[in-house]
1. Give me a count of the residues in region 18-46 that are assigned to a loop (DSSP other than H, G, I, E, B) and modelled with pLDDT under 90.
2. Mind listing just one residue for me: the one in region 47-65 that is in a helix (DSSP H, G or I) and among the aliphatic types (A, V, I, L, M) and, of those, nearest to the chain's Cα centre (by Cα)?
3. Of all residues in region 1-47, which are of a type in the set (Asp, Glu) and surrounded by 12 or more Cβ atoms within 10 Å (Cβ to Cβ)?
Amino acid sequence: MAESFFGALKNERVSHASYPTRDSARRDITRYIEFWYNRKRLHLAVGYRPPHEVHAEFEELRLAA
């Protein structure tokens, strides 16, 4: 899964951006992960749903038990 993530990061974000500093790269990549990759991007491994949705469902079930 890690290889898949880093491939997506490279293809969807890093290869299309230019970063003047390491800090600007860190901020942009963090935004990509937190606001796109985890919340909106659909993932095959979890039934073509965003990880944030799957995690919320898991937490709801865990608390109900």
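The values are calculated or read from the model by the stated rules, or taken from the named source; none is laboratory data. What you are looking at is a predicted structure, and each value in this text was computed from that prediction instead of being measured. Heads up, the Cβs are rebuilt from the backbone with ideal geometry, glycines too, and the neighbour counts pull from every protein chain shown.
1. Summing the residues that are assigned to a loop (DSSP other than H, G, I, E, B) and modelled with pLDDT under 90 in region 18-46 gives 5.
2. From region 47-65, those in a helix (DSSP H, G or I) are 51-64; that's our starting set.
After this cut, where a residue has to be among the aliphatic types (A, V, I, L, M) as well, the list is 54, 56, 61, 63-64.
Details: Val54: 13, Ala56: 15, Leu61: 22, Leu63: 24, Ala64: 27 Å.
By that ranking, first place goes to Val54.
3. The answer is Glu12, Asp28.
Yes/no per residue for (1) in contact with an Asp or Glu (Cβ under 8 Å, 6 or more places away or on another chain); (2) not small (Gly, Ala, Ser):
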position: Arg13; (1), (2): yes, yes
position: His16; (1), (2): no, yes
position: Tyr32; (1), (2): yes, yes
position: Leu44; (1), (2): no, yes
position: Gly47; (1), (2): no, no
position: Pro51; (1), (2): no, yes
position: Ala64; (1), (2): no, no
